[in-house]
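For reference, the structure is listed below as structure tokens.
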Amino acid sequence: MTKEKNEMKNGSLTARRGVILLLLIAVVAFGACIGRIAYLTIIKGDEYREKAEAQQLSVTTVNAARGTIYDRNMNILAQSASVWMVYINPSKVTDDNRDRVLTVLSENLQMDRAALAERIAANSGLNYLKIKGEVEYNEKKALQDAVYDEKLTAVIFVDPDTKRYYPNASLASTILGFTGTDGNGLYGIEYLYDEVLTGTNGRIVTAKDGVQFELENAYEVTYDAKQGTSLQLTIDSEIQTILENALADALEENKAKNVYGIVMDTKTGALLAVANLPDYDPNDPYGVLYPQLEEYFSENGTENQKADPVAAARIEQWKNKSIADFYYPGSVYKVFLVSGAMEEGVIDENTQYVCYGRITIGDRTIKDFNPTGHGLETPCTLLVNSCNTFAVNVGQKMGVDLYYKYFQSFGFAEKTNVDLSGESAPAVGVTYHDPDVSFTWSDLASASFGQSISVTPLQVVTAVSAIGNGGRLMQPYVVERQLDFQGNIVSVTEPKVKRQVISEKTAATVAGWMEQVVSDGTGKNAYVAGYRVAGKTGTSEKLGTSDTAYIGSFAGFAPVNDPRISVVIIVDEPRGANYSGGVIAAPVAGEVIERTLQYLGVEPSYSGDEIASMTIAAPSLTGIPLAEAREKLQDYDYTVKVVGDGENVVSQSPEAGRYTPVNGVIVLYTQQNAEKEKTTVPDFTGMTVYQANKLAVNSQLNIRIAGSSADETSVIAYKQDPEAGTEVESGSIVTVTFRTTSGVHD
Ligand SMILES: [Zn+2]
């Protein structure tokens, strides 16, 4: 900047300060009355424009751009774009210009001419009437040209405005929330961080006469807009997509009312993904995205909900149920019970118990899922078998006070205080028993296996993370950093340890048992080859519903030796063939864990058994004589198909380096431009691994086995990609997902 310009700038600044001073003196001189009008003008803007004009003081608002919301990799999740708002001065509409006004507005804004005429006539006494908001640039430009050509600049006006866009539609919608027509946040992050995102509108205060022409001795004061602060979330769009895709399948397959899930960084409490389905598109929050929600409320709602199922569906789809809804955790709670009992020395690794399938507390008999009993057990098998009677026995040994101590320290008696809006607060006597007033031995028995106490999914994933994190309970959070409009860091969230709930030793012991739940117990559908997963299943009966309804869930973390992620999956009111957490929630968790760890680049490490059913990178056979290729393939167990009668291999399917089953199919082409062999993907549903493998080879396809332990004889295929009937190139890879329905109830 040159010296001259500097002086000019300084000069204008001095002049501006002088004007501000003058204005202040004027306000003081005219007293509180004028001050009040100035305040109303500045704060209320348009509404008081008329009054301002009467005082010959005009205030133009300069909108501050609302901050952008990014995911943790700086992908945009919510952004404001410039749009325009069109308004007129109805008192300036005369018999002379009325036709032109109506033509210009109706033609350029695609509005109904008759309706416009009616509105303008009805408001003819006003100086200000909003015609249309959220007008895009091209439309606004055309309108302005027409206004100029038709000499209507004293009648039709355009003001800058902003519109909120969510480029990923429904992705993470229940976290993000949305804004209202006036641009303020109504739900989610948009609501909780409204003040931070909004910034401060600037204003230009100008003295004008009553017809909006600046006075000759006019003064003008500009207050710059302070742009809104942007937020960088801990949410990762990739992991969010992985979670939402898995949940969408679970919602459909189980005909569930809701499904929710959370993926958390085990060690920091950062939320990597939070999803609740059915959800909505924040670009159109009043549209109901899932018609079944509307159907649900018209059939099962309260009288009010039945009367207006659309309104009920909207409220439901906007709600972040993973922090707002309480549910009985069922057997998932056993890991917290056992952790507390171990920590207090009530039990140890060698404690023995004989399960006969039932236990009597006072006049009440509690049954196991297994009516014949689990026999001789240890705390490890309590979790692996999800034994109710042993859990009740441990609870009774602990007593109310010790039980409650760990209920509280694992975080179930308090809000997590996550920085999201809509978290429900636990209430003593409502969501949990008051240990001083009404916690009976019978209550304690139910509470020991997770009935009669209510928790939120976020509380569960936070508590289970404490076991994976050496006993440290973290404060969950979703805003990583706040950034100013130039990208400078305003604030950073540091991970916060709330407290040490159990010792590192107890945590490691319980984590080891939770790994056995997944490798050998009710959690085996969450098993992922190559990664050590720890977890616990839960199935609970829902109260307050007209007929019997269940919640199936799974909570866990992986890899056990160095946990990166914790996951909770909840299937609420499944109406399909299955309802237990081990069958309907564990496979969803397994899928989310596998894909997330792969995405995070966590190196898998396969056991001996796993290697047998593993995939290998297809060897490179292209560009060599066919005979040589055949020789190379002798080391493999592939079924080889040769297409063409050339001497050299010119292409192959699968391509070199693609992971294929060790006993898969490989197609070799020996002629340039030979037509690719095609095959139709068969239906693998209901098959065992052996049957699926055989059918794949017969169909000249390779299958990638996903889901539960492949060596189990009881696992059957229940999902595949691509779908049956799809035509693909021979040698292609089809992902088939397996699970078991035996031994996984609870
Ligand atoms: Zn048992």
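The values are calculated or read from the model by the stated rules, or taken from the named source; none is laboratory data. This structure is a prediction, so every number in the text was calculated from the model and none was measured. All Cβ positions, even for glycine, are placed from backbone atoms using ideal geometry, and neighbour counts span all protein chains on display. Heads up: the accessible areas ignore ligands, DNA and RNA and are worked out on the full protein's heavy atoms, side chains in. Shrake-Rupley method; radii C 1.70, N 1.55, O 1.52, S 1.80 Å.
About its Cα centre, what dipole magnitude does segment 252-296 give when the only charges are +1 on Lys and Arg Cβ and -1 on Asp and Glu Cβ, stated in debye to the nearest 20?
The dipole of segment 252-296 has a size of about 280 debye.
Taking the Kirkwood radius as Rh and the Cα radius of gyration as Rg, segment 353-407 has a ratio of Rg/Rh equal to 0.99. Computed over neighbours whose Cβ is under 14 Å from that of Y403, the net charge equals -3, Lys and Arg +1, Asp and Glu -1.
Based on the Cβ-Cβ distance from Q396 to V158, what FRET efficiency comes out when R0 is 45 Å, to the nearest 0.05? Efficiency for this residue pair is about 0.05.
Highest-first packing order for the peptide set 235-243, 146-154 is 235-243, 146-154, based on the mean count of other beta carbon atoms within 10 Å.
For segment 519-628, dividing the convex hull volume of the Cα atoms by the residue count gives 159 Å³ per residue.
Please report, largest first and rounded to whole Å, the three semi-axes of the ellipsoid equivalent to segment 466-531, where each semi-axis is the square root of five times an eigenvalue of the C-alpha gyration tensor.
Rounded to whole Å, the semi-axes are 35, 18, 8.
A Stokes-Einstein calculation at 37 °C with viscosity 0.692 mPa s, built on the Kirkwood radius of segment 231-309 over Cα pairs, returns a diffusion coefficient of 230 µm²/s.
Its DSSP H runs of at least 4 residues, each contributing -39,500 (n - 2.57), put the calculated 222 nm mean residue ellipticity of the chain at -10500 deg cm²/dmol, to the nearest 500.
Axis angle, to the nearest 10 degrees, between helix 309-318 and the longest C-alpha principal axis of the chain: 80 degrees.
For the chain, the longest principal axis of the C-alpha atoms and the axis of helix 689-698 are separated by about 80°. Taking the convex hull of the alpha carbon positions in segment 599-746 and averaging its projected area over all directions gives 10.3 nm². Summing Lys, Arg as +1 and Asp, Glu as -1, what charge do residues with Cβ under 11 Å from the Cβ of M342 carry, M342 excluded? Taking every Cβ under 11 Å from that of M342, the sum is -3. Heavy atoms of the protein chains alone define the surface here; on that basis the chain has 45 Å² accessible area per residue at 1.4 Å probe size.
Provide the packing ranking of 695-705, 121-131, i.e. peptides ordered by the mean count of other C-beta atoms within 10 Å per residue, highest first.
Highest mean packing first, the order is 695-705, 121-131.
Charges were assigned to the Cβ only: +1 to each Lys and Arg, -1 to each Asp and Glu. The resulting dipole of segment 243-369 about its Cα centre is roughly 380 debye. Using alpha carbons only, how many degrees (0 to 90, rounded to 10) separate the axis of helix 237-253 from the longest principal axis of the chain? Computed tilt is about 60 degrees.
For segment 443-597, the spread of Cα positions along the three principal axes, ordered from largest to smallest, is 55, 36, 34 Å. Spherically averaged projected area of the convex hull of Cα atoms, the chain: 45.8 nm². Provide the gained length on full extension for the span R575 to I315, in nm with one decimal, where the gain is 0.36 nm per separating residue minus the Cα-Cα distance. Separation in residues times 0.36 nm, less the Cα-Cα distance, equals 91.4 nm. Other residues whose C-beta falls under 11 angstrom from the C-beta of T174 contribute a net charge of -1, scoring Lys and Arg +1 and Asp and Glu -1.
Given a 1.4 angstrom probe, I'd like the percentage of the accessible area of segment 232-391 that is carbon and sulfur, rounded to a whole number. Carbon and sulfur together cover 47 percent of it.
The share of Cα pairs per 10 Å bin across segment 262-420, counted from zero up to the longest distance, runs 9, 26, 23, 22, 16, 3 percent.
On the basis of the beta-carbon distance and an R0 of 35 Å, D182 and V490 show a calculated FRET efficiency of 0.90. Listed peptides 384-394, 588-598 appear in the order 384-394, 588-598 once ranked by packing, highest mean of other Cβ atoms within 10 Å at the front.
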